[in-house]
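To keep things clear, I will list the structure first and then write my remarks on it.
The values are calculated or read from the model by the stated rules, or taken from the named source; none is laboratory data. Because the structure is a prediction, the values reported are computed rather than measured. The protein model used for the area step is the full one, side chains on, heavy atoms only, and it has no ligands, DNA or RNA in it. Shrake-Rupley method; radii C 1.70, N 1.55, O 1.52, S 1.80 Å.
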Amino acid sequence: RNVATLDDAIVRATRATGVPPLVVCHSMGGLAMRAWWRAHAASAASRVHGVITIGSPHQGTFTAQLANGDNARQMRRDSAWLRELSGAEADGRQRHFTCFYSHCDNIAMPASTGALPGADNRHIDGTPHVALAHATEVWAEIMRRVGPGAGRLRAHDPLDPFAGRERHKGEKPR
């Protein structure tokens, strides 16, 4: 289900902007993105500009032992799902990932779980799980990767309520 939802979002973003999106994922979103990549391995590198994960427990997390839902079971350290996911990554896809993690993450722990072998792994000092999504280092990397003017909506895009016309002074998007 998450793979189909991600695929739909990637298709919609590409249609809206005319360029493959930079996918930014927080927590289990990073694992869901890895599952999407596995499902679309033949075309994934050309369909996304790259992937940034933030506080994603790539190697599982001890806190997942405290819950019993499907997602929690998948995120347990050394779960069969994580082993299967890692086993499908021998093709070097990790080089398309930038992973931000912190030794103060209170959800994805130990801190080493936030690193993905073969990825561009970046440690942020003293930042808890939710705050990682707001960290200056993360946003600086996102802005560096999308660059000035990247991802502008095309004039005919149905997602832009102002497509094909100018906004009046002071008019805000709906």
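Leaving ligands, DNA and RNA out of it, report the carbon-plus-sulfur percent of the accessible area of segment 11-72 at a 1.4 Å probe.
56
Which number do you get for Rg(Cα) / (2.2 N^0.38 Å) in segment 1-104?
Ratio of Cα Rg to 2.2 N^0.38 Å: 1.07.
I'd like to check one number: the per residue accessible area of segment 1-105, probe 1.4 Å, reported in Å² as a whole number.
Result: 47 Å² of accessible area for each residue.
Quick one: what are the phi-derived ³J(HN,Hα) couplings along segment 31-40, Karplus 6.51/-1.76/1.60 with θ = phi - 60°, whole Hz, x for glycine and proline?
5, 4, 5, 4, 5, 4, 4, 4, 5, 10
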